[in-house]
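The values are calculated or read from the model by the stated rules, or taken from the named source; none is laboratory data. Since the structure is predicted, the reported quantities are computational estimates derived from the model, not experimental observations. Don't worry about glycine lacking a Cβ; one is built from the backbone with ideal geometry, like all the others, and counts go over all protein chains shown.
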Amino acid sequence: MPHIVVSDFDRFDTPAKKGDFKFLWFASEKGGGETIVGCEYREKGFVISIKKREGEYIVKSDKITRLSPVSAMQKALKSFCDLASCRVTRSNIGSIKEHHLEKSDSFLKDIDFFANSFPIDKEIWIEIGFGSGRHLLHQAKNNKDIRFIGVEIHRPSIDQLLKQIEINRLENLFVVDYDARLFMEMVPSNLAGKIFVHFPVPWDKKPHRRVISDRFVKESLRALKPGGVLEVRTDSENYFRYTFETFLKLDSARIEIGKNIEPEISSKYEDRWRRLDKNIYDLRLVNETVSDPIDLEFDFDFSEGVDKKRIFEIFDTSPMKFEDFFIHFEKLYEIDQKRAVMKLSFGAFDRPEHKYIVILPNKCEYFPKKPILSKANVSAHKKIEEILYGQ
Ligand SMILES: C[S@@+](CC[C@H](N)C(=O)[O-])C[C@H]1O[C@@H](n2cnc3c(N)ncnc32)[C@H](O)[C@@H]1O
């Protein structure tokens, strides 16, 4: 993660602009803990975090909103440091490759691209957790009429695949840096021909983090066209059994299983396990039904603003659990006399949203963008409004 360590910096007047970057506000925790800076790059919001440690300040992107590709984030930190006359002690940012910054992100799609208008002109095949991207590239090269979507949360893997897309001049492959479990809720019904989940992290000790779950399977079946396949491949017998049991919970299902089947193309993980003579398990769940379209509509606007003083009075960091969702107010920052920023997580237990809410006397709004449209997020938003307005 790019960061710059500084012995000191100067707050500058906001809003301020440097190149493509806008710096909207500074907000500080009471008692002087962390300071955050609301920023914008080509209409995408993100936050820079400044934390004091042993007499120095670490300036870096926050984990929730970090920009992509990494080179854009590096450039943002450098621009911030120029404006804030940072006295830089050390940094892990070398020279920034402009070429990479400008070109590769045309295939890297923001989640809003899919949330606002999911492209439906072609059949899609989705690979979840593509890692080195070897399987996804092979499929995209050999199936030019299909639109591929690679979903991954590991930034170096994403950057590596973006380079390969450019080198191979592929036009039919989009990449999205997002949690696959949330992404699946946005895929229109009956559009996907295949969903690949190859060598998912087994998470034996934290099963709630697994990609495969009842909900994921339900969303996958909805997204798959009739005859479409959810393909899970794993070297973990435990994960294989868990996935099989998850499939068996369905009222009706066509399930195919295999052991040590030679694949069309093996992934990096697969090669490693084969060299160790490990067993590889395949599970294929074939969708046989036509699903209803997604019909959820909600705008996530707040109906009014909130007095900043009130927020500081009622702010409570104890997590709140409800039947299908939770809300956790994590941190509160002050911008000035009238404005504040709240950091919070909420939504489904296994797929939380992490957001900021900017609180003004006449309006409140999510930063950097509204939550994803899911049932749990809608319920959480309604409850957040009740809490903010004291209803
Ligand atoms: C063990 S690797 C397998 C990579 C690749 N499929 C292969 O076979 O070589 C699992 C990958 O899934 C990604 N991943 C884990 N959880 C994810 C999630 N919730 N959404 C998207 N990707 C995820 C990880 O970042 C990692 O790259």
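For (1) more than 18 Å from the chain's Cα centre (by Cα); (2) within 23 Å of Leu332 (Cα to Cα), each residue gets a yes or a no:
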position: Glu43; (1), (2): no, no
position: Arg53; (1), (2): yes, yes
position: Gln74; (1), (2): yes, no
position: Ser79; (1), (2): yes, no
Quick test of your reading of the structure: Ser91 fulfils all but one of (1) of a type in the set (Gly, Ala, Ser); (2) within 16 Å of the ligand (Cβ to nearest atom); (3) modelled with pLDDT under 95. Name the failing condition by number.
(2)
Qualifying residue in region 304-319 (condition: aliphatic (A, V, I, L, M), in a strand (DSSP E or B) and either in contact (Cβ under 8 Å) with a residue 12 or more places away in the chain or within 25 Å of Ile48 (Cα to Cα) (or both))
no
Would you mind telling me which numbered condition in (1) among the small types (Gly, Ala, Ser); (2) within 30 Å of Ile195 (Cα to Cα); (3) in contact (Cβ under 8 Å) with a residue 60 or more places away in the chain Ala140 fails?
(3)
Can you find even one residue in region 70-83 that is surrounded by fewer than 18 Cβ atoms within 10 Å (Cβ to Cβ), within 16 Å of the ligand (Cβ to nearest atom), at pLDDT below 90 and in the same structural domain as Ile36 (by TED's automatic domain parsing)?
no
Of the conditions (1) within 16 Å of Gly305 (Cβ to Cβ); (2) surrounded by 20 or more Cβ atoms within 10 Å (Cβ to Cβ); (3) modelled with pLDDT under 95, Val341 satisfies every one except a single condition; which number is it?
(3)
Scanning region 228-257 for residues that are small (Gly, Ala, Ser) and more than 16 Å from the ligand (Cβ to nearest atom), the one farthest from Arg215 (Cα to Cα) turns out to be Gly228
Options Arg169, Arg222; residue that is more than 9 Å from the ligand (Cβ to nearest atom) and surrounded by 20 or more Cβ atoms within 10 Å (Cβ to Cβ)
Arg222
Scanning region 198-213 for residues that are within 8 Å of the ligand (Cβ to nearest atom) and at pLDDT 95 or above, which turns out nearest to Lys122 (Cα to Cα)?
His198
For region 140-152 the number of residues that are within 11 Å of the ligand (Cβ to nearest atom) and either exposed (fewer than 13 other Cβ atoms within 10 Å of the Cβ) or assigned by TED's automatic domain parsing to the domain that holds Ser68 (or both) is 0
Checked Lys52, Lys22 against criteria (without any contact (Cβ under 8 Å) to a residue 40 or more places away in the chain and either crowded, with 18+ Cβ neighbours inside 10 Å or on the phi > 0 side of the Ramachandran plot (or both)); the one match is Lys22
Within region 279-306, which residues are loosely packed, with under 14 Cβ neighbours inside 10 Å and over 25 Å from Ala376 (Cβ atoms)?
Asn279, Glu288, Val290
Search region 105-138 for residues being of a type in the set (Asp, Glu) and more than 14 Å from the ligand (Cβ to nearest atom), and hand back the single one that is modelled with the highest pLDDT.
Glu123
When restricted to Glu256, Glu237, Glu288, the only residue farther than 26 Å from Arg134 by Cβ, acidic (Asp, Glu) and modelled with pLDDT of 95 or more is Glu288
What is the one condition in (1) of a type in the set (Asp, Glu); (2) farther than 15 Å from Lys109 by Cβ; (3) under 21 Å from the mean Cα position of the chain (by Cα) that Asp179 does not satisfy?
(2)
Name the strands (runs of 3 or more DSSP E) wholly within region 33-81 that hold at least 2 residues that are under 15 Å from Lys17 (Cα atoms) and not aromatic (Phe, Trp, Tyr)?
34-41, 44-53
